[in-house]
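Please treat every number below as a calculation from the coordinates, not as lab data. What you see is a predicted model, and the numbers here were worked out from it, not measured in a lab. Here the Cβ positions follow ideal geometry from the backbone for every residue, glycine too, while neighbour counts run over all protein chains shown.
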Amino acid sequence: MKKLKALMLSLVALLPIFAAVATTYAFESSIHGAVVVTYAIPPTDDSMTNPDYKLLSYHWYTTINYYINPSNKYGFSTTAVVNTITASAYTWDKETAYQVFSYKGTTTRTAGRRDGYNVIAWGAYQAGVIAVTYIWSSGSRIVETDCRMNTYYKWSLSGEAGKFDVQNIMTHELGHWCGLADLYNDADYWLTMYGYGAYGETYKRTLGLGDILGLEAVYGP
Ligand SMILES: [Zn+2]
């Protein structure tokens, strides 16, 4: 009940954070119709013990070497951006013996272009979407993943009101890189892979039971 109360205080329109899916040959996006979705309070507080997860139909078969383009208009230092995003990656990595992610350094490359580099960067995108993960796959094998944080919105490194928290949103997006799909049932609200996010939200920084079970279904414990 405590958590439900806190939620109602911070009731805002939630926005989708999702994976745009591309095959090796043709781009195909899974953009949902609704631009702004009004948040429905979950009927029950499942806390983080809900075991739900959904897998994408593809995943990486190797450690994901990734790069960060720290360029931003929010005044964040390169070190702060790198520390925040690598923390998101480690949140997944520490739950499995497999090495899922390997940070390779900063880059000036953009996200959303298939160039052989897995890049996380800020960039323009349509209103109504917080961030988008691009996946290029060949059969069940992911061959490249990028993530663009939408510069249409304000971003924060500390969960400020009226801004999207980088670690919160990136932990969700990197869940897609791990092969997990979005969840949209109200009961899955407290899981990192819940498909909507809100300003000031930070609870997706930590994984719930379903998130961990999904990761282990791909990579083992
Ligand atoms: Zn998502």
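Observations on the model:
- Converting phi to 3J(HN,Hα) with the Karplus coefficients 6.51, -1.76 and 1.60 and the offset θ = phi - 60°, segment 50-59 yields 5, x, 5, 7, 9, 9, 5, 8, 8, 7 Hz in sequence order, with x at every glycine or proline.
- Rounded, prolate or oblate (a/c below 1.5 giving rounded, otherwise prolate when a/b exceeds b/c) for segment 74-167 by Cα gyration tensor: oblate
- Amide proton proximity set for ILE64, modelled H, under 5 Å, gap of 5+: PHE101, SER102
- Working from label points 7 Å from Cα in the Cα-to-Cβ sense, the ALA124 to THR206 distance is 4.0 nm.
- Reciprocal mean inverse distance between Cα atoms of segment 51-102 - Kirkwood radius, Å: 13.1 Å
- Taking a point 7 Å out from the Cα of MET48 in the direction of its Cβ, the residues of segment 189-221 whose backbone N falls within less than 16 Å of it are 189-194, 201-216.
- Note that segment 84-99 has calculated 3J(HN,Hα) couplings of 5, 6, 5, 5, 4, 5, 5, 4, 7, 4, 6, 9, 9, 6, 6, 8 Hz, one per residue in order, obtained from phi through the Karplus relation 6.51 cos²θ - 1.76 cosθ + 1.60 (θ = phi - 60°); glycine and proline are x.
- A crude spin-label estimate for the pair THR151 and TYR98, with each label 7 Å from Cα along the Cβ direction, gives 3.5 nm.
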